[in-house]
Amino acid sequence: MFLLELNHIEFSYNNSFSMKDISLKIKSTEFISILGPNGSGKSTLLKILSGLLTQSDGIRLFKGKSYSSYNHKELAQLIGYVPQITSSIFPFSIYEVVMMGRTAYLNYFGIEKLNDRKIVNDTLERLNISHLRNKGINEVSGGEAQRAYIARALVQQPKLLLLDEPNAHLDIKHQISIFNILAELNKELGLTIIAVSHDINLVSNYTERIILMKEGKIFLDDKKSKVLLKKNLKSVFNVETEIIKNDENINVFIKTK
Ligand code: ADP
Ligand code: MG
């Protein structure tokens, strides 16, 4: 049984851009990355997986049920979605931002219990942002804000975590730190993770399976050694590359001339 199964899904935004024939099988505890050029449909695919976009019948989720058999709260308890970072208009504190992730568990009156506070505190601790709990989300660095948004998704205690370019706008050290956190969550909690990224080398060091998107289709979905080949990167990104393999890692050099 798969955690998530998509069979020949089609989706379009008012017929302007369409996702065609998307089929995917995701097993529990996998850590997968999605690569592809701008506009290839990576964010759209993530939104389809998160249940945010209209669902077709071809999606089976958790024990073979379709999305429509879950309500919003139930879905939020299964799937955590970290959208691309956007600046927050309201000066919520880091603690408040993370507590928002508990909404799916609160009662009608929205009153948080001791257990909700414990889960939020533990998660702040795990992501090393406890000391920033009272700081405004707009007053911390990009890397710290990103960790707060990941924490918000984690307190939903989901089975599947979806992240849209979690390393965008971060310096190399912070990019590595985010991926180290994801790898730890994947190993220690057995969390299933799917992350969109533009950094081919970073993802090749962390994820074994890569989904390569092109023009609204899955161009290739395979282990990294099959995906990260010159010809595939040429077809999808239209760039020349040099691929260097050493033991477990594959490094891709993009030729600029
Ligand atoms: P990626 O994340 O790979 O850059 P997206 O999934 O965001 O690509 O977008 C794929 C295409 O769909 C783009 O051409 C984009 O302009 C279009 N698109 C994205 N969101 C919407 C929307 N809400 N309404 C209409 N078109 C959209
Ligand atoms: Mg995107």
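Residues in the range 122-134 carry Karplus couplings, in order, of 4, 6, 4, 5, 4, 8, 6, 10, 3, 5, 9, 3, 9 Hz; the curve used is 6.51 cos²θ - 1.76 cosθ + 1.60 with θ = phi - 60°, and Gly or Pro positions show x. In plain terms, the chain is cut at each of the chymotrypsin sites (Phe, Trp or Tyr not before Pro) found in a DSSP loop with at most 11 other Cβ atoms within 10 Å, and the longest leftover piece is 110-257.
How much length would be gained if the chain were fully extended between residue 235 and residue 189, taking 0.36 nm per residue of separation minus their Cα-Cα distance, in nm to one decimal? Don't skip to the answer; put the middle values down first.
On the way: separation 46, 0.36 × 46 = 16.56 nm, distance 3.65 nm.
Value of the extension gain: 12.9 nm.
Between residue 23 and residue 93, the simple spin-label model (points 7 angstrom out along Cα→Cβ) gives 5.2 nm. Simple spin-label estimate for residue 74 and residue 198 gives 3.9 nm between the two label positions (7 Å along the Cα-to-Cβ direction from each Cα). Divide the volume of the convex hull around the Cα atoms of the range 79-157 by the residue count and you get 92 Å³ per residue.
Rounded to 0.05, the FRET efficiency of the residue 103 and residue 225 pair, given R0 = 41 Å and the Cβ-Cβ distance, is 0.50. Can you tell me which of 214, 118, 47 moves the most in a GNM of the chain? Springs connect C-alpha atoms under 10 Å apart. Looking only at 214, 118, 47, the biggest GNM fluctuation is shown by 118. Within the straight-line cut-off of under 19 Å between alpha carbons, the lysines reachable from residue 217 are 20, 25, 42, 47, 226, 231, 234, sequence neighbours fewer than 8 places apart in one chain being disregarded.
Return the subset of 27/223; 159/214; 187/230 for which the Cα-Cα distance in this structure is over 20 Å, preserving the input order.
Details: 27/223 14 Å; 159/214 28 Å; 187/230 30 Å.
Violating the 20 Å limit, Cα to Cα: 159/214; 187/230.
Calculated from DSSP H runs of 4 or more alone, at -39500 (n - 2.57) each and per residue, what is the 222 nm mean residue ellipticity of the chain, nearest 500? Present the calculation step by step, with values, prior to reporting the outcome.
Working: 9 runs with 83 residues, N = 257.
The per-residue figure over the chain is -9000 deg cm²/dmol.
Taking label points 7 Å from Cα along the Cα-to-Cβ direction, residue 52 and residue 128 give a separation of 2.7 nm. Averaging 1/r over every pair of different alpha carbons in the chain and inverting the result gives a Kirkwood radius of 19.2 Å. Listed by Cβ neighbour count within 10 Å, with the fewest neighbours leading, 16, 88 appear as 16, 88.
Read-outs throughout are calculated quantities, based only on the coordinates presented, and are distinct from any laboratory measurement. As the structure is a prediction and not an experimental result, all values here were calculated from the model. Don't worry about glycine lacking a Cβ; one is built from the backbone with ideal geometry, like all the others, and counts go over all protein chains shown.
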